[in-house]
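Here the structure is laid out as structure tokens; the discussion comes afterwards.
The values are calculated or read from the model by the stated rules, or taken from the named source; none is laboratory data. All values reported here derive from a predicted model rather than from experimental measurement. When we count neighbours, we look across all protein chains shown, and the Cβ atoms used for this are built from the backbone with ideal geometry, even at glycine. We work out accessible area using only protein heavy atoms, side chains counted, and drop any ligands, DNA or RNA first. Shrake-Rupley method; radii C 1.70, N 1.55, O 1.52, S 1.80 Å.
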Amino acid sequence: MCDLEPVTVEMRYKIQPRKSDAEQALAANDFDPFAMRENEHPTTDNETLTHLLKASLGTGILSMPIAFMYSGIIMGIFATIFTAFICTHCSYVLVKCGHKLYYKTRRTKMSFAEIAEVAFQKGPKWCRGFAPVAKFSILFGLFLTYFGTCSVYTVIVAKNFEQVLEHWLGYEVSLRLLIIALLIPLILISWVPNLKYLAPVSMVANVFMGSGLGITFYYLVMDLPPIQEREYVNLSTLPAFFSITIFAMEAIGVVMPLENNMKTPKNFLGICGVLSQGMSGVTLIYMLLGFLGYMRYGDATGESITLNLPVHEWPAQAVKVLIALAVYCTFGLQFYVCLEIVWDAIKDRCTKRPTVVNYVLRTVLVTAAVVLAVSVPTIAPFMGLIGAFCFSILGLIFPVIIELIVCMDTGFGAYKWVLWKNVIITICGIFALVFGSLSAIKDIMKVYSDTPESK
């Protein structure tokens with residue numbers, strides 16, 4: 001008995017320190033998915049941060065002032081922080097689960113849909129049969145949302161140029177002709193081969209958007225009224241605030257493509273990681289624009305803050321052009337999500353001249369997006385409905401479901417805090433789904449009740 005006692009003590013001390021999943025896997029089989037990952041053109045941390053900023057700083061930021069009008073100027077600050085925290089946390093959870101599953105499956109990278117599929121496959125018996133359904137649902141939702149977003153971006157670029165051209169020319173310009181004219185430039189930007197070479201384009205887009213927002217801030221800080229003239233808290237229309245803010249900030253579709261293409265993917269997470277840095281900056285800009293926009297215009301705040309700018313002044317016209325150029329440069333990043341989904345589905349069948357097939361696919365997808373925009377220039381409200389449905393499920397509900405399944409073999413922590421946390425996020429996702437859909441349906445009804453003349 002005495003001889004066995006030291007062994008027992010030694011074994012006890014060996015298993016006491018709790019190791020991370022990565023350390024346990026490395027100790028067991030020396031498999032490091034991050035060291036073994038092969039990327040022909042990996043992106044640096046700064047390039048990934050640039051893409052993340054561009055993905056999150058879309059045209060939705062221009063609706064933040066009216067979102068603050070719905071929430072109240074003080075409530076808007078706290079509600080923006082809460083929304084950003086939820087969206088960032090769900091992205092964090094998705095990537096963290098992906099890292100755990102890399103070790104379990106000995107794979108070096110996975111897409112959003114593959115993470116869901118593997119999580120269900122490795123989970124309890126009752127959920128394994130749902131793995132194909134989970135994968136298909138995510139792929140279908142992501143493609144539908146981002147392909148539609150590409151069409152909407154085409155319309156947004158054309159509309160901004162339309163407004164400026166009509167002001168200077170003095171007569172109406174056909175919106176559909178402007179959309180058609182964008183076909184060749186959009187095809188060219190879709191031909192950028194990968195995220196590594198797309199990083200400078202995203203940087204240029206950030207410069208354009210930053211310049212446009214800078215001029216907008218110039219208008220907003222002039223003649224600010226006292227804060228006492230604005231509502232501090234408005235609970236009755238708070239759901240409308242969340243429906244605008246969630247879908248403006250949400251970028252779940254680009255998270256895994258960005259992580260998969262990083263040279264140092266471990267740096268994506270962490271308190272000072274790429275995700276935290278990017279979303280912290282995005283949150284500050286969203287709060288600042290929303291606060292100042294509502295402070296400046298009050299109840300007269302437009303659906304997009306650019307509608308409040310004096311169109312006859314050249315700085316306001318410059319804002320429209322700069323935002324149009326920023327959206328054009330962002331098209332490539334949004335399009336990359338669609339391309340990756342379709343290419344992954346067909347690349348095994350295209351062993352002969354895969355590069356040629358890939359570029360033909362890019363051209364066909366862009367052409368289809370432009371044709372959709374020409375056919376339905378009022379597509380934006382419909383995409384609002386699809387976005388409300390898909391982003392609430394894909395961006396909020398699916399990541400926490402994946403986390404619950406992945407954590408079933410290790411437990412949910414003290415007092416099952418992971419379980420309760422994810423229940424709260426799921427409820428938030430359901431609210432976002434309901435109120436976002438209602439808001440989008442109202443927008444659709446408004447568009448078609450006005451019966452505008454199509455040009």
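In the set (1) among the polar types (S, T, N, Q); (2) over 22 Å from GLY429 (Cα atoms); (3) open to solvent by 50 Å² or more (accessible area, probe 1.4 Å), SER236 fails one condition alone, (2).
Given the residues VAL173, VAL207, which is the only one that is open to solvent by 20 Å² or more (accessible area, probe 1.4 Å), more than 13 Å from LEU333 (Cβ to Cβ) and modelled with pLDDT of 90 or more? Give the derivation first.
Details: VAL173 fails: modelled with pLDDT of 90 or more.
Among VAL173, VAL207, only VAL207 is open to solvent by 20 Å² or more (accessible area, probe 1.4 Å), more than 13 Å from LEU333 (Cβ to Cβ) and modelled with pLDDT of 90 or more.
Across region 14-57, the qualifying residues are those that are of a type in the set (Lys, Arg) and either modelled with pLDDT under 50 or out of contact with any helix residue (DSSP H, G or I) (no Cβ under 6 Å at 6 or more places or on another chain) (or both), and the one among them that is nearest to GLY332 (Cα to Cα) is ARG37. Residues in region 337-362 that are open to solvent by less than 40 Å² (accessible area, probe 1.4 Å) and in contact (Cβ under 8 Å) with a residue 40 or more places away in the chain: VAL337, CYS338, LEU339, ILE341, VAL342, ARG362. Among the residues making up region 265-279, those that are in a loop (DSSP other than H, G, I, E, B) and of a type outside the set (A, V, I, L, M, F, W, C) are GLY270, GLY273.
Of all positions in region 245-252, at least one carries a residue that is surrounded by 19 or more Cβ atoms within 10 Å (Cβ to Cβ), over 19 Å from ILE66 (Cα atoms) and among the aliphatic types (A, V, I, L, M).
Summed over region 334-364, residues that are among the hydrophobic types (A, V, I, L, M, F, W, C) and more than 26 Å from the chain's Cα centre (by Cα) total 4. Scoring VAL434 on the criteria (1) within 29 Å of LEU101 (Cβ to Cβ); (2) assigned to a helix (DSSP H, G or I) leaves a single failure, condition (1).
Residue-wise test of (1) of a type in the set (D, E, K, R); (2) under 19 Å from ALA79 (Cα atoms); (3) touching a residue at least 12 places away in the same chain (Cβ under 8 Å); (4) surrounded by fewer than 19 Cβ atoms within 10 Å (Cβ to Cβ).
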| residue | (1), (2), (3), (4) |
| --- | --- |
| LYS266 | yes, no, yes, yes |
| CYS272 | no, no, no, yes |
| LEU275 | no, no, yes, no |
| GLY281 | no, yes, yes, yes |
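Every listed requirement among (1) modelled with pLDDT under 90; (2) open to solvent by less than 50 Å² (accessible area, probe 1.4 Å); (3) aromatic (Phe, Trp, Tyr); (4) over 25 Å from VAL376 (Cα atoms) is met by TYR153 save one, (4). Among the residues of region 394-411, the one identified as open to solvent by 40 Å² or more (accessible area, probe 1.4 Å) and under 17 Å from SER111 (Cβ atoms) is ILE401. For region 30-86, filtered to residues that are without any contact (Cβ under 8 Å) to a residue 12 or more places away in the chain and assigned to a loop (DSSP other than H, G, I, E, B), the residue that is surrounded by the most Cβ atoms within 10 Å (Cβ to Cβ) is ASP32. Among the residues of region 115-132, those that are open to solvent by 10 Å² or more (accessible area, probe 1.4 Å) and in a helix (DSSP H, G or I) comprise GLU117, PHE120, GLN121, LYS122, LYS125, TRP126, ARG128, PRO132.
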